[in-house]
Amino acid sequence: MKQTIVFLMVILLWACGKDDPKPPKPANLIFPLENSECTEGRVLSDLTSEVEFRWGAGSNTKDYELRVVNLLTNVGQSLRTEQLSAKLPLLKGTPYSWVVISRNTQTEVSATSATWKFYNAGAQTNYAPFPAAVISPKSGASVVRDINNEVTLRWEGADVDNDISLFEIYVAETNPPEALAASLGPATSSFKVSVTANTVYYWKVVTVDREGNRSESGVFSFKAL
């Protein structure tokens, strides 16, 4: 019995002494630069060029998954690599977002980098704004009204040419929302909208630049409580 107890104690000490699996850390994005025009692509045709994505190593990482999304169509492409760079063919004159996911074989936990947007260079000299990034409410969220029966909508806009002229905010109980709630200046990133309890609302942000170019955020929803 005494030997059994000693044996179990040894096993317990050995188990406690083992290092827990270390989750990977997020990679640091390097290129293409955030909210930039990427002009370094290798020309493949009149319509496409090959862009090399680069990022810094995330510690405890075995390999990386690069995900790139066409912001006009929401169609994505991805690949896995153990390197700190990867090349993908992209349409010219098109806005994209990209993100890198770090993984290892010791744990199922992954780490996601920041998400950057850029335009793959085309023939145009002026670009439409990037679709506004909605911050809150998150789509599908339930949101408690404030004391004035209002909910604050928050977003973030960006433009390669830095010439955003206004944000159009559309809010409605129908999808897609077609009621213009406000036209706001380029320095604005929030808007309070009056709501009714237990009602689902749909909203979107249309970004307009000084050349009249427009881009839509896509439609998001929330339920007012």
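Tabulated data
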item: Qualifying residue in region 149-170 (condition: touching a residue at least 40 places away in the same chain (Cβ under 8 Å), aliphatic (A, V, I, L, M), more than 28 Å from V75 (Cβ to Cβ) and crowded, with 16+ Cβ neighbours inside 10 Å); result: yes
item: Sole exception among (1) surrounded by 13 or more Cβ atoms within 10 Å (Cβ to Cβ); (2) closer than 24 Å to E211 by Cβ; (3) not charged (D, E, K, R) for P137, by number; result: (2)
item: Residues that are within 14 Å of V51 (Cα to Cα) and open to solvent by 80 Å² or more (accessible area, probe 1.4 Å), drawn from region 92-118; result: none
item: Top-ranked residue in region 130-182 [being in contact with a Gly (Cβ under 9 Å, 6 or more places away or on another chain) and in a strand (DSSP E or B); ranked as nearest to V206 (Cα to Cα)]; result: F167
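The values are calculated or read from the model by the stated rules, or taken from the named source; none is laboratory data. A quick note: this is a predicted structure, and the numbers were derived from the prediction, not measured. All Cβ positions, glycine included, derive from the backbone under ideal geometry; neighbour counts span all protein chains shown. Note: accessible area is taken over every heavy atom of the protein model, side chains too, but ligands, DNA and RNA are not part of it. Shrake-Rupley method; radii C 1.70, N 1.55, O 1.52, S 1.80 Å.
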